[in-house]
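A quick write-up on the structure given underneath.
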Amino acid sequence: MAAQTTVRRKLRARRKVRQAAGDRLRLSVYRSSKHIYAQIIDDSKGVTVAAASSAAVKTGTKTDTATAVGKALAEAALAKGVKKVVFDRGQYRYHGRVKALADAAREGGLDF
């Protein structure tokens, strides 16, 4: 039952992102128990433009690590000329590590 709820929440969030996206690239977040991953995806071409993960960044708490990943992703995206994206939180609530990553990406120069 819980797995069905998670899948429905993920699909509902993804549908809203697609409706709001237009021609913007998608910033997708994946969170595991140890790490957090973020990538900017061009859905029209099916390619990943920029990516960052906490596997490469080692700092204090999980929230601090998510902040570092957001900053690293923003730097990589700006280096490739990407400024406007739409945030895809996936099945995760916009809270804690996901929010920290999003705030850091905004501070780094991404617009969403």
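The values are calculated or read from the model by the stated rules, or taken from the named source; none is laboratory data. Computed from a predicted model, the values in this text were never measured in an experiment. Don't worry about glycine lacking a Cβ; one is built from the backbone with ideal geometry, like all the others, and counts go over all protein chains shown.
Of the residues T67, T59, which single one is touching a Leu at 6+ places or on another chain (Cβ under 8 Å) and hydroxyl-bearing (S, T, Y)? Lay out the reasoning, then the answer.
Working: T59 fails: touching a Leu at 6+ places or on another chain (Cβ under 8 Å).
The conditions single out T67.
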Original post:
What is the one condition in (1) of a type in the set (D, E, K, R); (2) modelled with pLDDT of 95 or more; (3) within 12 Å of the chain's Cα centre (by Cα) that K80 does not satisfy?
Top reply: (3)
Subject >> All positions within segment 24-65 that are farther than 16 Å from A77 by Cβ, in a loop (DSSP other than H, G, I, E, B) and either at pLDDT 95 or above or not hydrophobic (A, V, I, L, M, F, W, C) (or both) >> reply: S32, S33, K34, H35, S44, G46, S54, K58, T59, G60, T61
Original post:
Which one is modelled with the lowest pLDDT among residues in segment 83-93 that are assigned to a loop (DSSP other than H, G, I, E, B) and over 11 Å from the mean Cα position of the chain (by Cα)?
Top reply: Q91
Original post:
Filter segment 59-85 for residues that are hydroxyl-bearing (S, T, Y) and touching a helix residue (DSSP H, G or I) at 6+ places or on another chain (Cβ under 9 Å); which is farthest from R106 (Cα to Cα)?
Top reply: T59
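Sort out which residues of segment 25-38 are surrounded by 19 or more Cβ atoms within 10 Å (Cβ to Cβ) and under 25 Å from G60 (Cβ atoms), and write them in order of number.
In the first step, residues of segment 25-38 are kept if they are surrounded by 19 or more Cβ atoms within 10 Å (Cβ to Cβ); the result is 25-29, 31, 36, 38.
L27, S28, V29, R31, I36, A38, listed by residue number.
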**OP:** Could you grab the pairs with beta carbons closer than 9 Å, sequence gap of 6+ or different chains, first residue in segment 63-92 and over 18 Å from A20 (Cβ atoms), second one in a strand (DSSP E or B) and basic (K, R)?
**Re:** A66/R31
Original post:
Considering segment 84-102 alone, what residues qualify as being surrounded by 14 or more Cβ atoms within 10 Å (Cβ to Cβ) and among the charged types (D, E, K, R)?
Top reply: D88, R89, R97, K99
